[in-house]
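In what follows, a structure is listed as structure tokens, so that the remarks can point back to it.
Bear in mind that the values in this text are calculations on the coordinates, not laboratory data. Just so it is clear, the structure is predicted and the values come from calculations on it, not from any experiment. Here Cβ is always computed from backbone atoms with ideal geometry, including for glycine, and neighbour counts include all displayed protein chains.
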């Protein structure tokens, strides 16, 4: 698990939707939340964009990261102002008729003294701080991801210290619910490659999860969403309480993990956009809790915004995707055995299918299945233009079976039966001679999942 970034600025953005996309067959809302998350205009990425409008990286960072709502971390110990800070943030979200996402990160000995060390000086001080935090929550729907690392990372705590921490977490839940009955508090459950589901359930139970809305996973990490969903189901089963649901941090898992590396691994990408429309009954929301572009502590100090890191995540991201359909069946990889340290046990990554190229006189197309599970998959399409430069493109192709696109990124698709028409996303409309353009999508299927055929780029056959 990643060390948590230490941040105090608002973590969100104005939803500008600069990368074109369209949803097909949007599923019904799942879980217990409805609505959209608050997009605070004062996030670190928005401040960087405002200060660097002519930077060559700005357009893509704005489209992919600056456009998405993210959570506000409360990680600086300011007991005299925390209530007012929470109130201001919640009131701004209420005025926008959006859901505020708050991440209190103040537990003593947080991160076991790692890259995000700190927290309140004592548990008595923390309990007082938590009551002040709760007092600012108002009376409308609020989502709180309570104390990252507090339960999954306890290797530095004695049994008595764990008991004290559990009591403080339980007390914080009670304080928040007594002030605001509409608050949704979720506890730390690590991620799918850390502690076992049974161990995680025991830790959650000891911290009072029965009095909360459930738990969150993958916060500041890179694990595949499907693996997190399966892990969450196993945790719910181990808890024996179907009223408890899951929230998943998808901010940086668009390309999955890089083995067991937790600290600013290379080649990662942004994941599914924040949404309460998850298509999964056990998952209340996909959120961006860790703001993409803020370091884990290796590329820069934890929490510092790094433009190159943000640009890399944006380039490798799976793109703007709301209301994703996630297969309700088992994950692609089994729940890993427990790990003794954050993210130190590697999880299995999906094996990509072979690329299918369709060379032609004017274009070629490479089609690749990135991940697949029963009844669902994601795929990437790369177009290479062999003819004159193009400014605006349409790619037509035919599915050989009953594949049905449910969401997409970097493209605007429509589908009639097995015929798909994919229009450029606007920002990627130009393809020079021998240049490329790429897009991806998520789809459902049954039976076999053979690659599509009949690719035509602006009417020119690519096969």
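Per-residue extension of 0.36 nm, minus the Cα-Cα distance of residue 128 and residue 140, leaves a gain of 2.0 nm for this segment.
Can you work out D for segment 46-129 in µm² s⁻¹ from Stokes-Einstein, where Rh is the Kirkwood radius over C-alpha pairs, the temperature is 10 °C and the viscosity is 1.306 mPa s? Mind dumping the intermediate values first?
Working: Rh = 15.3 Å.
Rounded to a whole number, D works out at 104 µm²/s.
What length, rounded to one decimal in nm, is gained on full extension from residue 304 through to residue 242, with 0.36 nm per residue of separation minus their alpha-carbon distance? Don't skip to the answer; put the middle values down first.
Details: separation 62, 0.36 × 62 = 22.32 nm, distance 3.84 nm.
Between residue 304 and residue 242, full extension yields an extra 18.5 nm.
In plain terms, the chain from residue 76 to residue 59 could stretch by 3.0 nm, reckoned as 0.36 nm per residue minus the Cα-Cα distance.
As an exercise, take the mean of 1/r over every pair of distinct alpha carbons in segment 44-316, invert it, and state the Kirkwood radius in angstroms. Mind dumping the intermediate values first?
Working: mean 1/r = 0.0532 Å⁻¹.
It is 18.8 Å.
Note on segment 85-194: the C-alpha convex hull projects to 7.2 nm² when averaged across all orientations.
Computed on segment 159-281, with alpha-carbon pairs under 8 angstrom and 6+ residues apart, the relative contact order is 22 percent.
Over the C-alpha trace of segment 137-254, radius of gyration and Dmax come out as 13.7, 39 angstrom.
So what is the relative contact order for segment 44-316, in percent, with contacts set as C-alpha pairs under 8 Å and at least six apart? Walk me through the numbers before you get to the answer.
Numbers: 546 pairs, mean separation 45.1, N = 273.
Rounded, it is 17 percent for segment 44-316.
Label sites at residue 421 and residue 91, each approximated as a point 7 angstrom past Cα along Cα to Cβ, lie 5.1 nm apart.
When only C-alpha pairs under 8 Å and at least 6 residues apart count, what is the relative contact order of segment 356-461, in percent?
Taking the mean separation of contacting Cα pairs over the length of segment 356-461, I get 35 percent.
Give me the orientation-averaged projected area of the Cα convex hull of segment 356-461, in nm², one decimal. Present the calculation step by step, with values, prior to reporting the outcome.
Details: hull surface 23.4 nm².
If you wrap the Cα atoms of segment 356-461 in a convex hull and average its projections, you get 5.8 nm².
Projecting label points 7 angstrom from Cα along Cα→Cβ for residue 375 and residue 47 puts them 4.5 nm apart. Rg and Dmax of segment 409-461, both derived from C-alpha coordinates alone, stand at 12.7, 38 Å.
For segment 75-146 versus segment 357-431, the inter-centroid distance based on Cα atoms is 44 Å.
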